[in-house]
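Taking it in order: structure first as structure tokens, then the write-up.
The values are calculated or read from the model by the stated rules, or taken from the named source; none is laboratory data. All values derive from a computational prediction rather than experimental measurement. As a convention, Cβ positions derive from the backbone with ideal geometry for all residues, glycine included, and neighbour counts pool all protein chains shown. SASA here: full protein model, heavy atoms, side chains in, ligands and nucleic acids out. Shrake-Rupley method; radii C 1.70, N 1.55, O 1.52, S 1.80 Å.
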Amino acid sequence: MAIRQTAGREALGSFAPEFAHYNDDILFGENWNNGDISHKTRCIITVVALMSSGVTDSSLKYHLENAKKAGVTRAEIAAVITHTAFYAGWPKGWAVFNMAKEVWAEAVPAGDAKAAHAAEMPFPIGAPNDGFAQYFIGQSYLAPLSTEQVGIYNVTFEPGCRNNWHIHHAKSGGGQILICVAGHGWYQEWGKQAQPLRPGDVVKIPAGVKHWHGAAAESWFSHLALEVPGEGTSNQWCEPVADADYHALTDL
Ligand code: MN
């Protein structure tokens with residue numbers, strides 16, 4: 001794998017063309033491509049050299065990222081920094097560890113995003129909403145908070161999840177109120193612009209109005225759904241929200 005470097009010319013090409021040439025063509029162009037020691041070893045040596053010199057600016061960050069790309073594991077970089085700290089100085093070890101921790105940070109697993117969302121709200125996420133799954137795109141969850149007097153449910157949508165177009169019918173009264181509790185979502189009435197939803201937003205949906213609600217494409221979302229009592233209430237489920245329409249929503 002040949003190393004190619006353009007940072008010198010990009011940053012200093014007009015100010016110091018000779019330095020840019022040495023940087024891009026000689027240091028990175030020739031020296032970094034010398035195969036007598038492995039690329040991974042060269043990355044480690046560079047990190048050690050910068051650490052020993054007390055250089056802990058963006059160039060160290062760059063070379064730590066480089067080392068990670070070259071296959072240096074978290075355990076290896078920890079051992080390298082610890083070893084070097086004995087010879088180069090303890091505070092340098094701390095400084096480099098603080099940077100290495102960011103570079104080798106673990107990506108958040110999908111399961112943790114749900115847990116992080118749950119931690120943002122006082123209401124439980126509840127169980128997978130299997131009973132209504134046929135009327136949803138994506139996975140939703142339902143936690144009943146009240147099933148008598150006024151029905152109140154905490155509904156949680158995974159990113160991209162939304163319910164189909166639907167209508168809450170009633171002869172009198174009825175309809176639905178949404179109280180947003182966590183994450184970002186959308187509400188749309190038939191023939192109108194979709195409106196973004198954030199925690200604290202309240203949506204009053206009259207009986208007979210065709211609408212849908214759900215999460216934003218990139219965010220978990222939860223709202224309380226209140227069933228407004230009425231005479232002769234029923235729900236009518238209609239077509240799914242078209243992918244193209246949903247993915248065109250970009251105001252969040
Ligand atoms: Mn509804």
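Computed values, structure above
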item	result
Failed condition for K114, given (1) open to solvent by 60 Å² or more (accessible area, probe 1.4 Å); (2) closer than 28 Å to C238 by Cβ	(2)
Scan of segment 145-183 for residues that are away from the ligand (no atom under 11 Å from the Cβ), surrounded by fewer than 18 Cβ atoms within 10 Å (Cβ to Cβ) and polar (S, T, N, Q), ordered by number	S146, T147, Q149, S172
Residue in segment 207-219 that is nearest to A119 (Cα to Cα), counting only those that are open to solvent by 40 Å² or more (accessible area, probe 1.4 Å) and more than 11 Å from the ligand (Cβ to nearest atom)	E218
Qualifying helices (runs of 4 or more DSSP H) (wholly inside segment 19-97; at least 1 residues being under 20 Å from R4 (Cβ atoms))	39-53, 58-69
Residues that are in contact (Cβ under 8 Å) with a residue 24 or more places away in the chain, open to solvent by less than 70 Å² (accessible area, probe 1.4 Å) and either part of a loop (DSSP other than H, G, I, E, B) or within 11 Å of the ligand (Cβ to nearest atom) (or both), drawn from segment 189-205	A194, V203, I205
Residue selected from segment 1-31 under the condition among the hydrophobic types (A, V, I, L, M, F, W, C), over 35 Å from the mean Cα position of the chain (by Cα) and open to solvent by less than 50 Å² (accessible area, probe 1.4 Å), by the criterion farthest from N66 (Cα to Cα)	A16
Residues that are closer than 20 Å to L197 by Cβ and in a strand (DSSP E or B), drawn from segment 149-173	I152, Y153, N154, V155, T156, F157, R162, N163, H166, I167, H168
Residues (touching a His at 6+ places or on another chain (Cβ under 9 Å) and more than 13 Å from Y153 (Cβ to Cβ)) located in segment 211-227	H211, W212, A215, A216, A217, E218, S219, W220, F221
Any hit, segment 63-84, residues being assigned by TED's automatic domain parsing to the domain that holds G214 and charged (D, E, K, R)	no
Matching residues in segment 234-252 - criterion: being open to solvent by 20 Å² or more (accessible area, probe 1.4 Å) and either modelled with pLDDT of 95 or more or among the hydrophobic types (A, V, I, L, M, F, W, C) (or both)	S234, N235, Q236, W237, C238, E239, P240, A242, A244, A248, L249, L252
Top-ranked residue of segment 9-49 - restricted to ones that are among the aliphatic types (A, V, I, L, M) and touching a residue at least 24 places away in the same chain (Cβ under 8 Å), ranked as nearest to T82 (Cα to Cα)	V48
